[in-house]
Amino acid sequence: MSEYPSNDPRTGPRPSTPAGLRRRLAELRGPGTEPRPLDARALAALAANPGCDRRALLDGAGIDKNALATTLGAPSDAGQSQFAFMRGNAFEARVKADGGAELLRLTHALLGGGPEPTPATRHVPDLAAQGPEARTARTAGALREAAGREAWTLLDHPMLVLDVAGSPAYLEPDAVVVAPDGTWTVVEIKSFPMIDGAADPAKVGAAARQSAVYVLALEGLAPEGARVREKALLVCPRDFSNLPTAAPVDVRKQLSVTRRQLTRLTRVPELLAALPEGTVLDPALPADELRAAVAAVPAAYAPECLSACELAFHCRASARSDDEVTALGRAVRGELGGLATIGAVLAAAHGETGDPADPAVAALRRAHRLRGEALEASGLGSGSFGGTGTGPGGAVSFGAPRARTAADEARAGEAA
């Protein structure tokens, strides 16, 4: 197995992108197209689908997937509504009011970190600067100062940077809290509610993946004596009010996946080498030409992509047209083993193909047999609902209900 350089910030500096690779990525984007910078949401979405070469290559090259999807005729409708955006900003302002008093109180109550914060021990540094590089430097300086202050420090929208395949990805968490004991905590403020102490698991999972990206970036800045928590603090409205509540979220699993995905991005040269000569993924190309170019990069579509990737609608249409079982979900795909298409699944279920010793084939045939027995018992017959019987023009035929027998009547009376 090939070895790739680690993307863990604690292992030292990572190599920069070679000039030849930068030139090839520029050719892939198209003439005059600037690379789209990666952010925490993009990195979290990448970690959510680690097997997708298409996403890895497009993100590694900095290609605008939203523009790509629009040209392909399958634009994404993902995005936050204006109302939700305004509500989120109002809630965040409330959480951070009065020098972050409530936020620091929640941090101390749930995670500890030293004596209870008081107005005298609270510090909110000014992180304003011109441009992401200057803001990143200002944040790094504030974190170093906070590490030796032994007080509660709230960094409001700090700017962090993470090297991704040789390119800087600028990240802006909602907040970072530095406690007197030297622990650093990433804070994610979301506007979805936490009802009876629990929130939507899917939304919590997305917040955890995003927090893991911030934790990874912070680890590269932590001096000796400082410790970045592998638990983020998720702050949400309590029940149906606008009052804040919080819960710690363990992000160790998401950290591991994100590190692995960042290492995977170092495989961009291999993904490029597998493309046909002259492949260009410029959104300005004609739709047919662009569709063929995108199809040359393997994808790993799953229904979960619809909430995380701008190309999800295009990939879903491709998976359906190619009869791929991935369109049914990762769980189904995992259960079916080597049966990659719905046609192959149906053929195996009907006994036309497949090894009977294969557990997936055996399970499909048993399910098909049980379904047929159930349909027979219900009086619908085996030609119903996608069975082998079809009527004129390929329409599915529905068998006529059979007459009830004396045994049927007796069973019905017992059931009653």
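Between 274, 312, the distinction of being of a type in the set (Gly, Ala, Ser) and open to solvent by 50 Å² or more (accessible area, probe 1.4 Å) belongs to 274 only.
Residue count for the range 149-173, restricted to those that are free of Cβ contacts under 8 Å to residues at least 40 places away in the same chain and open to solvent by less than 70 Å² (accessible area, probe 1.4 Å): 6.
Looking at this structure, is residue 189 over 30 Å from residue 271 (Cα atoms), surrounded by fewer than 21 Cβ atoms within 10 Å (Cβ to Cβ), of a type in the set (Val, Ile, Thr) and under 30 Å from the mean Cα position of the chain (by Cα)? Taking the combined requirement at face value, the residue does not satisfy it.
Only one entry of 279, 326 meets the criterion of being closer than 28 Å to residue 213 by Cα and either touching a Gly at 6+ places or on another chain (Cβ under 6 Å) or of a type in the set (Ser, Thr, Tyr) (or both), and that entry is 326. Condition check for residue 53 on (1) under 17 Å from residue 233 (Cα atoms); (2) open to solvent by 10 Å² or more (accessible area, probe 1.4 Å): one failure, at (1). Here residue 332 does not fit the description of being in a helix (DSSP H, G or I) and open to solvent by less than 30 Å² (accessible area, probe 1.4 Å).
Determine whether the range 150-157 contains at least one residue that is of a type in the set (A, V, I, L, M, F, W, C), assigned to a loop (DSSP other than H, G, I, E, B) and at pLDDT 90 or above. Looking for residues that are of a type in the set (A, V, I, L, M, F, W, C), assigned to a loop (DSSP other than H, G, I, E, B) and at pLDDT 90 or above, one finds at least one in the range 150-157, hence yes.
Before we move on, is residue 121 over 30 Å from residue 264 (Cα atoms) and among the polar types (S, T, N, Q)? Judged against the criteria, residue 121 is a match.
Quick grid of which residues meet (1) of a type outside the set (Ser, Thr, Tyr); (2) closer than 27 Å to residue 56 by Cα; (3) touching an Asp or Glu at 6+ places or on another chain (Cβ under 8 Å); (4) at pLDDT 90 or above:
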position: 159; (1), (2), (3), (4): yes, yes, yes, yes
position: 174; (1), (2), (3), (4): yes, yes, yes, yes
position: 177; (1), (2), (3), (4): yes, no, no, yes
position: 188; (1), (2), (3), (4): yes, yes, yes, yes
position: 197; (1), (2), (3), (4): yes, no, no, no
position: 201; (1), (2), (3), (4): yes, yes, no, yes
position: 204; (1), (2), (3), (4): yes, yes, no, yes
position: 218; (1), (2), (3), (4): yes, yes, no, yes
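The values are calculated or read from the model by the stated rules, or taken from the named source; none is laboratory data. Owing to the predicted nature of the structure, the values given are computational and were not obtained by experimental measurement. No Cβ is skipped: glycine too gets one built from the backbone with ideal geometry, and neighbour counts run over all protein chains shown. Side chains are part of the model used for accessible areas, which takes the heavy atoms of the whole protein and leaves out ligands, DNA and RNA. Shrake-Rupley method; radii C 1.70, N 1.55, O 1.52, S 1.80 Å.
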